[in-house]
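Written out below as structure tokens is the structure these notes cover.
Values in this text are rule-based calculations from the coordinates and carry no lab data. Model, not experiment: these values are computed from the prediction. Quick reminder, even Gly has a Cβ in these numbers, built from the backbone with ideal geometry, and neighbours come from all protein chains shown.
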Amino acid sequence: MDRSLRRVHAEGDDMEATMQHKRWARAVLPLLCAAGMAVGCGGGDPGESVLPGVDALVFIKRAYVTEDGSHSVTGGNSQTIDYLRYVPGGGVYVLEPPTPSGTLRNLTEGFEGVDVNGIDLSFDATQVVFSMRTAGDSHYHLYLANVDGSEVRQLTFGDWHDVKPIFVPGDRIAFVTNQPYTPMGTRADEYNHSRVVTQIATISQQSGDADRRLCAQNLSHSADPFLMSDGRIGFSRWEHLGPVNDVKLMAMNVDCSQMVGLAGTGGKPGNSLVQFNEVDQGRFIGIVTSRRGTIQAGALVALDARASAGGVDGIVLDEQNATFEILTPQVPTGMESPPSGVGRYRHPLPLDEQNYLVAWADGDVNERNELAETAPNFGIYLWNAETRQRTLVYDDPAVWDTYAIPVRPRDIPPVHPGVLRPAPDESEPAILGSVDVTVTGLAESVRGGQFTGQSLDEALDQTSRVRIIEGFSSEIGPVGQFGLTMHEGAAILGEAQVYADGSWEAAVPARLPYHLQTIDRFDMAIRNQMLWIQAMPGEERRCGGCHEDRTGQVLPRGGVATTLAQQAGPQDFVVAIPDRLELPWAGAAEAAENLQAVFDRNCVSCHDGGASDPYAGRFYTVNVTTEEGEELEYQIPYLLLTDEPLNVYYEMETVQYPASYVTLLYPSAMMGDITATGDVAPEWVTPGLARTSRLVEVLNINSNTNPNEWAWPREGAPSHPEDVGGPAVSREDRVRLIQMADLGGQYWSRRNVEGADRWASETPSYD
């Protein structure tokens, strides 16, 4: 049947789910000033509008069939941000009235080879901003057009992609770009050299690139910005930090300051949250899907990010209390193999308390359709939260029809007060700190060492320092050479002192991605922050504690106005790249920074596989099932600390790493269909957690304030290897191994790169 004639599609008849949807719909307040909308239940004249009160729609047509007749529905290696996808044959259209037989006006008809990637309507409904790539351009750039088609003006230029624009308060436009802010900064995706990471940027509506401001970068992509009712920019961010690998929702001020988690740190119903819009303050609707392989399509999900009490006007957004409800339970929330053929949604936009414009495609909707006989095709529908019905608005079966927006004015949110001057000096550092790091709202217990079984708040009382860790990308080394763990490149800028009142302050280079670890007197992490944080030049970012309860306020101890750390001033960790502590396993120019040298000095004399090695001849078997179904088998020594190369399976191929690296980190660090049998070694190193690493426990370490106090009590006996007559391991070497474990057991480093001293000349001055 011709899809243009299909009118209504039911989602199922699960009564309980229906009642849940009704309850959710009644709770939602309107974002836009739409009139009440009567939804048809089938039949009717194809020219009859199903959007009363809406005179016109602006939307995108996007081609998916190439000139040779093949399908192109994917966005490269990942669909979280799809700026790599270019298929000409689309454009920006106005449909008036919004019916299948309405009159179409093409705002981009004067351009050739058009592909459009994102669109938004101005607050007064007179202009459209969109991202377009043409036959004469190798990049997507932003354009501004009048809705009546009278003018199209290019706003951005340059050798980078600018996509997904939205209007924001202050006469600015926010968007996604892959422009790096500096030659020294993160450019490539943390594991993939072919993709430059994306981040949010803004421009002036009037000046365009002449007033272009880049926000702080992350190690992975930012995508899908949306405007919040309090004036902030919300957006999706692909978060990769060790074992964390998903897409969360973030929020920040229009000046890029105070970037915080909005939702998705825990409890979300799928891997990736994308294409969100706000329904009412603190309530949102969007798509939940996998981070790749699904063409950014999935199930509709409602998000309530409000905390239970307090805050301005009674609204506090707290990602720890965020709740989700799948509104279309029959629709997959991730990639299916094989696909079920149920269909998926994209780009939901609330119209009123129960009606939403959506894009919908029937059938199998995932990247495998690129090779399928029939590719998915998205059309524009009205979706009703109470009846769970879709009613066709418009569908051109030859292209995707997406990003539908009603042409009508809307209120301008206030400019959310930022913390930066209009044009901060790029040479200024950022300030990070906490009022009291011992305060936490997390109900966790600490594993390993002297804190085993203690609650997090009890353990945090023993915090002596905060370790500040910069993340860096794979662009500086061979693909896949970070190592066998899920952890990316890491460098320690320093460890800030925690004062008696629990406060700390540190000055760091701005814009870079950081995460923090609270450190005890044994130099081990008590808690590892699993979220990258960024700060703009001149920005001061202070949290209450170690993820304090957002509904309250943490005040300095003793009723004083400022913390001891603020009184003392921030500790200076604005250090050049060559002076940041990195922990390469092998190949570094300086042996002191080479972890293999630590084993050569202290361990190899016994653990070399020779006759005196207590583990000589002990192996276990690792079995791997590849994605193609091939069965592979590897013999792994129980413990071998030489640099002898060993074969292991990683990233769908057999690779070689030194024996010391393999036996300490494989296979506990691996993911996928891998099993270990036989005389399996203990978890010598737990990536990201030194205190549960058997290697750290065996070597042991004494306190940095009391040489007679040990993390694991010795009861008068010496620690290893002294207990077997081996050399006395320096405390410095023990700390290096602890840091290696806490940082995730990376293999590669900027130190491994020939001519690494070049980084010094690319480090900005922060004098």
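Tabulated data
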quantity	calculated
Protection proxy ranking of 95-101, 383-389 - average other beta-carbon atoms within 10 Å, highest first	383-389, 95-101
Equivalent-ellipsoid semi-axes of the range 47-160, from the Cα gyration tensor, Å, largest first	25, 18, 13
Tail fraction, Cα-Cα pairs, the range 560-635, threshold 22 Å, whole percent	64
Vicinal HN-Hα couplings computed from phi for the range 167-180 (Karplus, 6.51 cos²θ - 1.76 cosθ + 1.60; Hz; Gly/Pro x)	6, 10, x, x, 6, 10, 10, 9, 7, 9, 9, 9, 6, x
Order by protection proxy (mean Cβ within 10 Å, highest first), peptides 688-696, 161-169, 524-532, 203-211	161-169, 688-696, 524-532, 203-211
For ALA490, distant residues with modelled amide H under 5 Å away	PHE472
Kirkwood-based Rg to Rh ratio, the range 212-275, C-alpha trace	0.96
Distance in nm between pseudo-label sites at GLU722 and VAL680 (7 Å out along the Cβ direction from Cα)	3.5
Prolate/oblate/rounded call for the range 591-752, Cα gyration tensor, a/c under 1.5 rounded	prolate
Over the range 704-754, volume per residue of the alpha carbon convex hull, in Å³	126
Whether the range 430-582 is rounded, prolate or oblate, judged on the alpha carbon gyration tensor where a/c under 1.5 counts as rounded	oblate
Order of CYS543, CYS215 - criterion: other Cβ atoms within 10 Å of each residue's Cβ, fewest first	CYS543, CYS215
Cα gyration tensor shape for the range 485-554, rounded if a/c is under 1.5, else prolate or oblate	rounded
Ranking of LEU581, LEU640, LEU442 by count of other Cβ atoms within 10 Å, fewest first	LEU442, LEU581, LEU640
Protection proxy ranking, peptides 512-523, 601-612, average beta carbon neighbours within 10 Å, highest first	512-523, 601-612
Pairwise label distance in nanometres, ASN647 with ASP461, each label 7 Å out on the Cα-Cβ vector	5.5
Backbone HN-Hα couplings from phi across the range 632-644 [Karplus 6.51/-1.76/1.60, Hz, Gly and Pro as x]	10, 9, 10, 9, 10, x, 4, 7, 9, 10, 7, 9, 4
Gained length - ASN706 relative to ASP572, 0.36 nm times residue gap less alpha-carbon distance	45.6 nm
Sum of side-chain charges, PRO658 neighbourhood, beta-carbon under 14 Å (Lys, Arg +1; Asp, Glu -1)	-4
Ascending count of other beta-carbon atoms within 10 Å, so fewest first, for GLU319, GLU548	GLU548, GLU319
